[in-house]
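The values are calculated or read from the model by the stated rules, or taken from the named source; none is laboratory data. Everything numeric here is computed off the predicted structure, so don't read it as measured data. Cβ placement follows ideal geometry from the backbone for every residue including glycine, while neighbour counts extend to all protein chains displayed. Ligands, DNA and RNA are stripped out before the accessible areas are found, and what is left, the full protein with its side chains, is counted by its heavy atoms. Shrake-Rupley method; radii C 1.70, N 1.55, O 1.52, S 1.80 Å.
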Amino acid sequence: VQLQASGGGLVQPGGYLRLSCAASESILSFNSMGWFRQAPGKQRELVALLHKGGGINYGDSMRLRVSISRDNAKNTVSLQMNSLKPEDTAVYYCRGSRGPMDYWGQGTQVTVSS
């Protein structure tokens, strides 16, 4: 299983980015797919998690500023991030979970700075 994250970059405070995670297999084969982030010196934390049945969990840090969606035909899961803040600077990882296994993408850097 390969998960390819893309869409990161440098954005000014208040700006937006859309991250995309492309899976090498059908995303419907995963129990859930989601996005996590890890800032320097901090633990990896949940941003948003999309369950196979459509339920969504959002982490506290970006709850009101992000939305997660999927395109089953393209096997992609996207994360729309709005009103970005400098404290959102981190490496963002895509994760797919299937049974007891978690599969991680390589991460994409998001830097929020003026």
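So, S78, is that one within 11 Å of the chain's Cα centre (by Cα) and either free of Cβ contacts under 8 Å to residues at least 40 places away in the same chain or part of a strand (DSSP E or B) (or both) or not? Give the steps one after another, and end with the answer.
Values: within 11 Å of the chain's Cα centre (by Cα): yes; either free of Cβ contacts under 8 Å to residues at least 40 places away in the same chain or part of a strand (DSSP E or B) (or both): yes.
Yes: the conditions hold for S78.
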Any pair with Cβ under 8 angstrom, 6 or more apart, that starts in segment 85-114 at a residue that is over 17 Å from V66 (Cα atoms) and part of a loop (DSSP other than H, G, I, E, B) and ends at one that is open to solvent by 60 Å² or more (accessible area, probe 1.4 Å) and among the aliphatic types (A, V, I, L, M): S113/L10
Some residue of segment 24-35 being among the acidic types (D, E) and either without any contact (Cβ under 8 Å) to a residue 40 or more places away in the chain or assigned to a helix (DSSP H, G or I) (or both): no
Test: residue in segment 3-17 that is assigned to a loop (DSSP other than H, G, I, E, B) and over 20 Å from D88 (Cβ atoms): no
Of the criteria (1) at positive phi; (2) in contact with a strand residue (DSSP E or B) (Cβ under 8 Å, 6 or more places away or on another chain); (3) not polar (S, T, N, Q), which one G99 fails: (2)
Output for segment 46-100, where each listed residue is open to solvent by less than 70 Å² (accessible area, probe 1.4 Å) and among the charged types (D, E, K, R): R65, D71, D88, R95, R98
